[in-house]
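These notes concern the structure reproduced below.
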Amino acid sequence: MNHDREVGATVFPEDVWCWFWSDPLTLPVNEHGTPEEFKVLDTVVKVEPWSPKIAERIPFAVIELVDDMFIDGLDPDGLATVIRTLSDRLEQMRETHARLVAVRSEYMGRMRS
């Protein structure tokens, strides 16, 4: 990790955080009647060396589900649980996709008749 910006600067120790950023992913979310791009499933590894919470002084994961909605303080087991949960949901989405393809095909076939 690189803290060159903080070296020699007037910085309070509690203002020094360590982050490993992920590449952002956005999807068009329709919250107020019009789709708007929101960052989704952003995951970072974070360390707050001077946190009053001992668990935050060692690396932990934070997931931003959708802009400003977080699952925070995940240890490796907690992150694995979230990954498993999302993987199960992804499998359900794949099943829904297959049903949608079949239903639309059948529907369009009836429309042509």
*Placed amide H near Thr43: partners under 5 Å, 5+ positions off or other chain*: Ser22, Glu64
*What area, in nm² and to one decimal, does the C-alpha convex hull of segment 18-65 cast on average over all directions?*
4.1
*Provide Rg and Dmax in Å for segment 37-101, with only Cα atoms included in the calculation.*
15.2, 53
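Every number in this text was worked out from the coordinates using simple rules, so none of it is lab data. Values in this document were obtained by computation on a predicted structure and should not be read as measured data.
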